[in-house]
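Each reported figure results from applying straightforward, stated rules to the coordinates on display, with no laboratory input. If you're wondering where the values come from, they're calculated on a predicted model, not measured in any experiment. Reconstructed Cβ throughout: ideal geometry from the backbone, glycine too, with neighbour counts over all protein chains shown.
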Amino acid sequence: MKIDAHQHFWQPLRGDYDWMPQDNATLNRAYAPHDLAPTLDALGIDGTVLVQAAATVQETEYMLGLADATPFIKGVVGWVDFEDPSHLGHLKRLAAHPKFLGVRPMIQDIPDVNWMLRDDVQWAYGALVDLDLTFDALGFPQHLPNFLTLMQRYPEMRVVYDHCMKPQIRDAQAGRDAFSDWADGMSALAEQTAGVCKFSGLVTETADGWSIDDLRPFAEHVLSAFGAERVMWGSDWPVCRLKGEYGDWHGLAQDLTAGLSEAKRADVFGGTAARFYRLD
């Protein structure tokens, strides 16, 4: 089964996509299953994981409605308010839905880099463990040490590190060292936690004029550190459209994994996601 482990649908008229730039025509428009279905069919992708893009429970319910009506959506990663312990009720209710997989707090947008370690949000991680739900870890390289601390607190939590933790490839293009600290942090997560990693989101961390060679050292490190059995490809569509179309990134990912065996590529392009998210 071929799986896109990370994509979005949204309707800006819903009004809760606070991050969305109003003047960006690529992002600030509706995206629905019928927009993506032909591409999935053309590439032979059997299903997707639909991931939250708004910090509201209402958006999670919207996505579950889409999943109910769309067979190729195999599961939904939603959101609850980690700062509100009463949202345990929402989490338990959502967990009863057969396509609800887990949650993703939008840590990359939170100014306090230490937010994830605050005492008042710890209930949520415990609840994810108790309910056997997944945690999508969304952040930047500066969050790597805290994610390691967090996972050492909750070693049983099922975690996936989104978008290779967003290495700042544009800085590397400009001649700055964006690799060393990021690579050390990713190696630590790979070696000291049971987490897996999403091979996604790299193209949107580039500057104009990028090429596959700018992506290659970052992709190779993730594949080496985690191993193919702990790496899952995701499109991050439609965000990826800021730098290229779905098929462009899919083709680049195929090229970047060309040195793997067919069995290992099958893990990256479906097997890892199916195991981690327990997809049918």
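General remarks:
- 3J(HN,Hα) along the range 201-213: x, 6, 5, 7, 9, 9, 9, 4, x, 5, 9, 4, 5 Hz, from the Karplus curve 6.51 cos²θ - 1.76 cosθ + 1.60 with θ = phi - 60°, whole Hz, x for Gly and Pro.
- The chain, Cα convex hull volume normalised per residue, Å³: 123 Å³
- Using θ = phi - 60° in the Karplus curve 6.51 cos²θ - 1.76 cosθ + 1.60, the 3J(HN,Hα) couplings for the range 104-113 round to 9, x, 8, 4, 4, 9, 8, x, 7, 5 Hz; x is entered for Gly and Pro.
- Of Lys74/Lys166; Lys92/Lys166; Lys2/Lys99; Lys99/Lys198, those spanning more than 28 Å from alpha-carbon to alpha-carbon: Lys92/Lys166
- From helices alone, the chain scores -11000 deg cm²/dmol at 222 nm; the rule is -39500 (n - 2.57) for each run of n ≥ 4 DSSP H residues, then divide by the residue total.
- The range 165-198 and the range 109-149: distance between their alpha carbon centers, rounded to Å: 18 Å
- Positive minus negative residues near Arg14 (Lys, Arg vs Asp, Glu; Cβ under 14 Å): -3
- Environment charge at Cys164 (Cβ cut-off 9 Å; Lys +1, Arg +1, Asp -1, Glu -1): 0
- Cβ-based charge dipole, the chain, positive-most Cα from Gly44, His90, Ala188: Gly44
- Computed from the Cβ-Cβ distance with R0 of 30 Å, the FRET efficiency linking Arg93 to Ala194 stands at 0.60.
- Built amide H within the under 5 Å cut-off of Phe199, gap 5+: Met232, Trp233, Gly234
- Summarising the amide proton neighbourhood of Trp10: residues at separation of 5 or more, or on other chains, whose placed amide H is nearer than 5 Å comprise Tyr31.
- Summed side-chain charge close to Pro141 - residues other than Pro141 whose Cβ falls under 11 Å, Lys, Arg +1, Asp, Glu -1: -3
- Spin-label pair Arg29/Ala207, simplified geometry with 7 Å Cα→Cβ offset, distance in nm: 2.9 nm
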